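First up is the structure itself, then whatever we jot down about it.
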Amino acid sequence: MSASDQDIIFNVKELLEPILAEYRLELYDLVFKGTGRKGMLRVYIDSEDGVTIDDCANVSRELGALLDIYDVIEDSYTLEVSSPGLTRALRNPVDFIRFIGKKVKIKTEIDIEDKNVFIGKLLEYENDCARVETESGTYVIPYSHIEKANLELDL
């Protein structure tokens, strides 16, 4: 990422914070890919109560207007505002705590009891470990060994 891309992300976050506060939303992720004359700005928003299409439309409209006023991105770009989705990544301990009781899929860097993929209910997150109940048993997975973790659809 070039310094100008970092500046763009910083400036977008500055403009975005009051908009998200107004709608009681939080920033989940922000990605800018400036490729030549056509860039892509993706804003992922979230909230405890979930994100609606209206939330995305409101943030997109207000952020788009501010980006144009302040000319944050000089070249042409596409703005996308969406939620992280139903199978969102669990990226840090706070995410694990937030989604206790939900179905998760965790892939580990090393085998734990001869397994490295665990799909089941996240029972707890304590002492930097996730405890997951799967069909084959309950496993304690150290956060330091987690390669990737996502919510899983519970059908």
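The values are calculated or read from the model by the stated rules, or taken from the named source; none is laboratory data. These figures come from a predicted structure and were not determined experimentally. With ideal geometry, Cβ positions are generated from the backbone for all residues, glycine too; neighbour counts draw on all protein chains shown.
Among the residues of the stretch 117-130, write down those that are crowded, with 17+ Cβ neighbours inside 10 Å and within 11 Å of Ile106 (Cα to Cα).
Phe118, Gly120, Leu122, Ala130
Among the residues of the stretch 58-68 satisfying the criterion of being charged (D, E, K, R) and surrounded by fewer than 17 Cβ atoms within 10 Å (Cβ to Cβ), which is modelled with the highest pLDDT?
Among those residues, the one meeting the criterion is Arg61.
Only one of (1) under 19 Å from Pro84 (Cα atoms); (2) more than 19 Å from the chain's Cα centre (by Cα) fails for Asn150. Which number is that?
Among (1) under 19 Å from Pro84 (Cα atoms); (2) more than 19 Å from the chain's Cα centre (by Cα), the lone unmet condition for Asn150 is (2).
Among Asp49, Asp55, Asp75, Asp71, which is the only one that is surrounded by 11 or more Cβ atoms within 10 Å (Cβ to Cβ), of a type in the set (Asp, Glu) and outside the structural domain of Phe99 (by TED's automatic domain parsing)?
Asp55
Looking only at the stretch 32-46, filter to residues that are loosely packed, with under 12 Cβ neighbours inside 10 Å and not polar (S, T, N, Q); which one of those is farthest from Ile69 (Cα to Cα)?
Gly36
Of everything in the stretch 141-150, what is more than 12 Å from Ile97 (Cβ to Cβ) and either out of contact with any Asp or Glu (no Cβ under 9 Å at 6 or more places or on another chain) or outside any strand (DSSP E or B) (or both)? Give them in sequence order.
Ile141, Ser144, His145, Lys148, Asn150
Are any residues in the stretch 108-147 more than 19 Å from Gly85 (Cα to Cα) and either basic (Lys, Arg) or in the same structural domain as Gly50 (by TED's automatic domain parsing) (or both), and if so, which ones?
Answer for the stretch 108-147, where residues must be more than 19 Å from Gly85 (Cα to Cα) and either basic (Lys, Arg) or in the same structural domain as Gly50 (by TED's automatic domain parsing) (or both): Lys115, Arg131.
For residues in the stretch 1-25 being among the charged types (D, E, K, R) and at pLDDT 95 or above, which is farthest from Ile73 (Cα to Cα)?
Among residues in the stretch 1-25 that are among the charged types (D, E, K, R) and at pLDDT 95 or above, the one farthest from Ile73 (Cα to Cα) is Arg24.
Taking the stretch 76-120 only, how many residues are under 19 Å from the mean Cα position of the chain (by Cα) and either at positive phi or among the hydrophobic types (A, V, I, L, M, F, W, C) (or both)?
Result for the stretch 76-120: 14.
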